[in-house]
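Since the structure comes first, as structure tokens, the remarks are kept for the end.
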Amino acid sequence: MFKRIKGATISGIEAIPIDIEVDATRGIPSLNIIGLAQGAAKESKDRAVHCLANSGIKLPPKKITISLAPADIKKSGSGFDLPIAIGLTSIALGLNFDTNQFMFAAELSLDGRLKPIRGVFPIGVLAKNNGLKLIISKENAKEAILSKALVYPFEHFLEVLSFLKGELKREAKIISVEQLHERESINQLDFSDVKGQYKVKRAVMIASAGFHNLLMVGSPGVGKSMIAKRIPTVLPDMTDEEVLETTKIYSVCGLLNQDNPIILDKPFRAPHSGSSDVSLIGGGVNAMPGEITLAHNGVLFLDEFPEFKRNVIESLRQPLEDGVITISRANAKITYPARFLLVAAANPCPCGYYGSKKRECTCSVAQIKKYRNKISGPILDRIDIQVNVPEVDYEKLSDDRVDLDSKTMKETVQRVMNIQRERFKNEKINYNSQMNEQHLREYCRLDSDSHAVLKMAVDRFGFSARSYSKILKIARTIADIDESDNVLPRHIKEAISYRALDWDV
Ligand SMILES: [Zn+2]
């Protein structure tokens, strides 16, 4: 006797189809599972057996084998409980119900209740793409219907059985077009809450517009975190594709709110400086995405940047370069998306008060140099904009200069993104920050006045070649904000001011 049931497992942030085959032959009664089942998937057999026993279904005294195919793909997660239980039941009761049009994905409690699993959203997408109806637990229903699959949610294993036998009628749950477009941002933050930091807010706007990674340098309490948290509010709204991708990531991590299981706001993640490389990068025993993947399409904020471990910082190199992270496991590689705007924050010196008017810095020049060296190197090379966040002078808060709010900043960012889309339509890049030397020659041609300004700055401050090209990239974005085809001396001058760490101590 043989039965094949369809299920799925998660690899990266996608679901892949798995066939669950159950076969019973003559021999010493036994029950085995084969086909690279890992962790929770390995235990599926036991939960399924208990569920059957508690539902009054007896297994025949035969040699029963459960095979998960294809055999060479590692299977993890508890979603195999239900398809295994269905397969065993059909063998035990000799039922020949048609399960070919269904995909099954739910965990079972020992008494047969269906429990939610992680990754039901990408599994729904897979079912939809394969023309299969999806049977899942009731608690996963809202997340599953977002995939636009035909979804059948159930509370108990016996209900699923009655449904398959045709004794219980159920209509599929589907999402309406109106529901899909019911989009509402939950981000209540706004840059108008940040007072008297015009220069920093402008730096944020430039960083967001040209996708320039940003480092904020300032004493404790000046509002670096407050500013960072508001950066997602000035980034353009996510496209449908980005919403889908981001929702998949949060589904796989089990982080979706089951009442409102869709991610519409650009993510903001702020891992602690003590974070391990696994929690930041992903991987580990259960092969889960890390913080950098949760920040995909949004902002990764590393506060107290110099306190992060060297190897953790080093592991950001590939994602900053390629927008993905590849993690090697025993005999497989997993790739997760990880394209984010990196926003880092640091104190200006070990005590935190170098340059402060409120407290005196107690650090020696040597200590400050050593501290700054900690944040130099390959990652700092990928941070274009470095801005000082000053202490706010409360007497100057009534500055008559127009302050920036999130709406105004976002409109500017969107406009500059459109300019870049047009500029790079025949290139393989999207943003000014991604320009190489050849792009710089093509798109940042300087007139003699601009050249003179830049040369003077290089002579005076001793900028490296790398700083030089960063200044050009930032100046290009500033010129775009200005809607100027040419990079002018004032754009260069402003760009130079965003290289805070280039100044001497
Ligand atoms: Zn100090």
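The values are calculated or read from the model by the stated rules, or taken from the named source; none is laboratory data. The model shown is predicted, which means the values in this text are computed figures rather than measured ones. Backbone-built Cβ (ideal geometry, glycine too); neighbour counts: all protein chains shown.
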Checklist entry - Does P267 meet the test of being assigned by TED's automatic domain parsing to the domain that holds V389, within 14 Å of the ligand (Cβ to nearest atom) and not β-branched (V, I, T)? => result no
Checklist entry - From the set of residues in segment 371-380 that are at negative phi and loosely packed, with under 15 Cβ neighbours inside 10 Å, which is modelled with the highest pLDDT? => result N373
Checklist entry - Among S109, S55, which is among the hydroxyl-bearing types (S, T, Y), over 26 Å from N129 (Cβ atoms) and touching a Cys at 6+ places or on another chain (Cβ under 9 Å)? => result S109
Item to check | Selection status of T362, within 16 Å of the ligand (Cβ to nearest atom) and either at pLDDT 85 or above or not charged (D, E, K, R) (or both) | outcome: yes
Checklist entry - Quick one: would you say L244 is crowded, with 21+ Cβ neighbours inside 10 Å and outside the structural domain of A144 (by TED's automatic domain parsing)? => result no
Next on the checklist: Tell me which helices (runs of 4 or more DSSP H) are completely within segment 68-157 and hold 2 or more residues being under 17 Å from A41 (Cα atoms), among the aromatic types (F, W, Y) and within 30 Å of the chain's Cα centre (by Cα), or say none if there are none.
Outcome noted: none
